[in-house]
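> Questions regarding the structure given below will be posed in turn.
The values are calculated or read from the model by the stated rules, or taken from the named source; none is laboratory data. Since this is a predicted model, take the numbers as computed values, not measurements. Here the Cβ positions follow ideal geometry from the backbone for every residue, glycine too, while neighbour counts run over all protein chains shown. Surface accessibility is based on the protein's heavy atoms, side chains included, excluding ligands, DNA and RNA. Shrake-Rupley method; radii C 1.70, N 1.55, O 1.52, S 1.80 Å.
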Amino acid sequence: MRNSKDTLIRPVGQPDSISRPIVTPLSTAVAFASSTPDELDAQYEGRESGFTYAREGHPNATVLAQRIDALEGVSGGIVTGSGMGAVTAALMGVLSAGDHIIGGDQLYGRSLRLMKEDLPRFGVETSLADPTDADAFASAIKDNTKAVLIEVVSNPTLRVADMEGIAKVCAETGILLIVDNTFTTPRSYQPFQHGADVVIHSVTKLLAGHSDVTLGYVAAKDAVLQKKIYDFAVTTGMTASPFDCWLAERGLATFDLRFERAQANAVALADHLAGLEGVKRVLYPMRDDHPDTIRAQALLQGQGCNMVSFEVKGGRAAANALARAAEGIAFAPTLGDVGTTLSHAASSSHRALTPEARAALGMSEGFFRVSVGLEDSDALNAIFTQAVKASQDV
Ligand code: PLP
């Protein structure tokens with residue numbers, strides 16, 4: 001005779017096992033059953049831990065967030081559906097109409113758009129300032145300034161922010177310091193140890209590392225602030241997919257190794273490019289000829305980063321030839337992948353600017369950014385030798 005439980009549509013529980021999986025199981029459940037209303041109360045009131053509804057939190061997001069928390073030296077961070085989700089949750093979670101925020105003038109394009117277009121629509125005043133100059137931030141402060149948003153290393157010119165100076169200004173004035181640590185990663189820089197109140201990541205990039213998930217992370221040092229950010233993310237449905245979280249956790253297992261290899265390759269590629277005929281300049285923060293090298297050496301714990309930018313002589317035709325000849329290197333607007341990727345500011349991230357405005361930022365048609373991957377370093381350098389040569393043969 002069939003047990004009545006066998007006729008239920010939802011089987012009850014897991015198969016018996018005295019052993020545990022060694023990999024975090026993928027948990028796709030949207031809802032989690034509690035035993036009684038009292039138990040549910042205990043969960044909602046924080047007296048017991050447990051999940052209720054996936055938009056509010058699920059095991060794969062928690063496991064991933066805790067692993068990034070450990071890297072950043074904080075607790076209670078959350079995972080969002082994208083890096084921009086994390087930026088938005090941080091800003092909208094802490095700002096209200098009438099507040100003012102100062103952002104770095106070379107923030108990631110969508111963060112800039114948020115500052116210039118979206119926040120003002122909700123009554124938040126915004127200003128931009130040069131993050132390599134703490135005095136410029138200090139001068140931009142108004143009575144209603146509530147927060148500052150900066151990236152430690154800017155994209156694609158790889159300028160290094162005056163983190164110490166800006167953190168000092170924020171601490172003295174009680175302004176929240178929000179740091180997007182995507183480029184630097186906790187291997188090079190740990191913002192909470194240098195005065196940050198909120199840290200953001202596009203997990204999509206180096207942390208996950210395989211260009212197969214889009215995710216973000218945001219953590220605040222202060223629990224009340226973290227709760228505001230969490231509530232905004234949950235209310236606006238920024239939930240990360242369990243599968244993406246699972247993949248990112250898998251990627252994170254090799255983050256240290258990938259970072260080391262990628263940055264060693266980046267150092268070698270930067271030096272190699274600097275010696276090639278046709279290369280006008282190379283930007284790499286740890287090189288002596290970088291404008292912020294002293295600050296980079298002091299801030300980045302000798303780690304550098306995996307990004308190298310460079311400029312070749314010639315216009316769009318030279319750029320087309322270079323991208324075409326860089327065989328096996330994806331010409332794609334992302335970074336932090338296991339494979340090297342190449343991007344071109346004039347046709348992607350900075351396409352909305354006039355040629356004159358791009359020139360003022362040092363981004364000619366011959367300007368490229370490389371996100372260096374894990375390939376064999378000599379093979380990689382050889383590809384760039386060939387690509388640069390092709391650009392000059394046009
Ligand atoms: N912050 C930085 C520094 C980025 O480079 C990016 C994307 O390139 C983002 C945030 C946004 O991340 P996502 O693409 O995961 O939304």
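> For every helix of n ≥ 4 consecutive DSSP H residues, a contribution of -39,500 (n - 2.57) applies; sum these over the chain, divide by its total residues, and give [θ] at 222 nm rounded to the nearest 500 deg cm²/dmol.
Details: 14 runs with 144 residues, N = 394.
Calculated from helices alone, the mean residue ellipticity at 222 nm is -11000 deg cm²/dmol.
> Next question. What do you get for trypsin sites (Lys or Arg not before Pro) in the range 35-113 restricted to DSSP loop and a cutoff of at most 16 other Cβ within 10 Å of the site's Cβ?
On the way: sites: R47, R55, R67, R110, R113; in loops: R47.
Answer in residue order: R47.
> Follow-up. Starting from the Cα of D393, step 7 Å along the direction of its Cβ; do the same at R351; then give the gap between the two resulting points in nm.
Here the modelled spin labels are 2.8 nm apart.
> Picking from S347, A325, A382, whose Cα lies most toward the positive end of the charge dipole for the range 255-392 (charges on Cβ: Lys, Arg +1; Asp, Glu -1)?
Farthest towards the positive end: S347.
> For the range 37-252, what does the accessible surface come to per residue with a 1.4 Å probe? Please give it in Å².
Details: 8620 Å² over 216 residues.
Spelled out: the 1.4 Å probe surface of the range 37-252, per residue, equals 40 Å².
> Please give the Cα centre distance for the range 293-370 versus the range 7-25, rounded to the nearest Å.
49
> Would you mind telling me the share, in percent, of accessible area of the range 255-392 contributed by carbon and sulfur at probe 1.4 angstrom?
Details: 3190 of 5820 Å².
Carbon with sulfur: 55 percent of the solvent-accessible area.
> Roughly how many Å is it from the Cα centre of the range 250-271 to that of the range 78-125, as a whole number?
First find each Cα centre; the distance between them is then 30 Å.
> For Y44 and A31 in one chain, what is 0.36 nm times their gap in residues minus the Cα-Cα distance, to one decimal in nm?
Length gained, Y44 through A31: 3.3 nm.
> Another question, if that's okay. To the nearest 20 debye, what charge dipole does the chain have about its Cα centre, counting +1 at the Cβ of each Lys and Arg and -1 at the Cβ of each Asp and Glu?
Taking the Cα centre of the chain as origin, the dipole is about 740 debye.
> Per 10 Å bin, what percent of the C-alpha pairs of the chain does each bin hold, from zero upward?
Percent of Cα pairs in each bin: 5, 22, 29, 23, 13, 6, 2, 1, 0.
> Whole-Å semi-axes of the range 36-85's equivalent ellipsoid, largest first, each the root of 5 times a Cα gyration tensor eigenvalue? Please list the in-between numbers first.
Working: eigenvalues 115, 35, 13 Å².
Sorted largest first and rounded, they come to 24, 13, 8 Å.
> Could you point to the residue in A264, T184, L215 farthest towards the positive end of the chain's charge dipole, with +1 and -1 charges on the Cβ of Lys/Arg and Asp/Glu respectively?
L215
> A further question on this structure: Which of the trypsin sites (Lys or Arg not before Pro) across the range 333-380 are loop residues per DSSP, with 14 or fewer other Cβ within 10 Å? All intermediate terms of the calculation are to be shown ahead of the outcome.
Details: sites: R351, R358, R369; in loops: R351.
Hits after loop and neighbour filter: R351.
> Just flag the chymotrypsin sites (Phe, Trp or Tyr not before Pro) in the range 24-133 sitting in loop per DSSP whose Cβ has no more than 15 other Cβ atoms within 10 Å.
Passing both the DSSP loop test and the Cβ count: F122.
> Right, here's the next one. For the range 37-252, give the magnitude of the charge dipole about the Cα centre (Cβ charges: +1 Lys/Arg, -1 Asp/Glu; no others), in debye to the nearest 20. List each step's numbers first, then the result.
Details: 17 positive and 28 negative charges, 90 e Å.
It works out to roughly 440 debye.
> Over the chain, what relative contact order in percent results from Cα pairs under 8 Å that are six or more residues apart? Show your work: numbers first, answer last.
Working: 749 pairs, mean separation 61.4, N = 394.
It comes to 16 percent, rounded to a whole number.
> With all pairs of different alpha carbon atoms counted, what Kirkwood hydrodynamic radius in Å does the range 255-392 show? Before the final figure, lay out each step's value.
Numbers: mean 1/r = 0.0666 Å⁻¹.
Over the range 255-392, the inverse of the mean reciprocal pair distance is 15.0 Å.
> Rounded to the nearest whole Å², what accessible area per residue is found for the range 255-392 with the 1.4 Å probe?
Working: 5820 Å² over 138 residues.
On a per-residue basis, 42 Å².
> Follow-up. Work out the FRET efficiency for R20 and D271 from their Cβ-Cβ distance, taking R0 = 30 Å, and round it to the nearest 0.05.
Working: r = 48 Å, r/R0 = 1.58.
My answer for the efficiency is 0.05.
> Here's something else I'd like to know. Packing-wise, with mean Cβ within 10 Å as the measure, how do 129-137, 336-344 rank, highest first? Kindly include the intermediate steps, with their values, before the conclusion.
Numbers: 129-137: 19.8, 336-344: 21.6.
Peptide ranking by packing, descending: 336-344, 129-137.
> By per-residue mean of other Cβ atoms within 10 Å, what is the highest-first order of 254-262, 20-28, 88-96? Please list the in-between numbers first.
On the way: 254-262: 17.8, 20-28: 11.2, 88-96: 22.9.
Those peptides, ordered most packed to least, come out 88-96, 254-262, 20-28.
> Of all the accessible heavy-atom surface of the range 1-89, with the other protein chains kept in place and a 1.4 Å probe, what percent is carbon and sulfur? Present the calculation step by step, with values, prior to reporting the outcome.
Numbers: 3390 of 6300 Å².
Using a 1.4 Å probe with all protein chains present, the range 1-89 comes out at 54 percent carbon and sulfur.
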